[in-house]
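The values are calculated or read from the model by the stated rules, or taken from the named source; none is laboratory data. Bear in mind that the values here come from a model prediction, so they are computed numbers and not experimental data. Neighbour counts run over all protein chains shown; Cβ positions are idealised from the backbone, glycine included. Note: areas computed on protein heavy atoms with side chains; ligands, DNA, RNA excluded. Shrake-Rupley method; radii C 1.70, N 1.55, O 1.52, S 1.80 Å.
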Amino acid sequence: DYPCEAMGDRMTDWDGELWSDPRKESLLAFQAKRMDRCKALGADGIELDNMDQHDKDNIAQSGIDVSENENVAAQARFAKLAHDRGLAIVAKNGSEVAAQLAPLYDGVWIEHCAKHQECNAFAPYKGKPVVMLEYEADCFESDWSTCQKKAGYFKPE
């Protein structure tokens, strides 16, 4: 069962989705059980969503006051849980902490990095699986399919 004490307020963008406090031991234990189940079912890896609880807009929305350092420490613990089980773990968004988490995560799933002009923040993931999603038709001009092969794909800031 999801730990009630780790629940925050509802997300305004996604009906029915709640924020979580990544610092809670009960959430870590809950995620450990989920990872055990994923491993037992034959999964190779996992992705945890909403890794940017420390963002000021998200703090206002979530009701959970998490500092960037606290959030990075929590995300590192999740990565260790996955790796201890032989699972890969993929980061999700979080441009502000991408460089800090890249050594710990096996890849990254990025939404709207071109739209928000933050693709360069994910340069530390070069050489790892990088999935970049732009939901609108006015995508960034780079060839997404070759981003891992093309030298200089990540443009200097």
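What relative contact order, as a whole-number percentage, does the stretch 6-109 give when Cα pairs under 8 Å and 6 or more residues apart are counted? If you can, show how the numbers build up before the last one.
Working: 150 pairs, mean separation 29.0, N = 104.
Computed over the stretch 6-109, the figure is 28 percent.
Entry comment: accessible area of the stretch 17-84 is 53 Å² per residue, from protein heavy atoms only and a probe of 1.4 Å.
Ranked by the mean number of other Cβ atoms within 10 Å per residue, highest first, peptides 36-49, 112-125 order as 112-125, 36-49.
What shape does the stretch 1-128 have by the C-alpha gyration tensor, where a ≥ b ≥ c are the square roots of the eigenvalues, rounded means a/c under 1.5, and otherwise prolate means a/b greater than b/c and oblate the rest? Oblate, since a/c reaches 1.5 and b/c is not below a/b.
Once all protein chains are placed together, residue 84 keeps about 100 Å² accessible to a 1.4 angstrom probe.
Shown for the stretch 45-121: the carbon plus sulfur share of the solvent-accessible area, taken with all protein chains present and a 1.4 angstrom probe, equals 48%.
For the stretch 2-68, the Stokes-Einstein estimate of translational diffusion at 10 °C and a viscosity of 1.306 mPa s comes to 123 µm²/s, using the Kirkwood hydrodynamic radius over alpha-carbon pairs.
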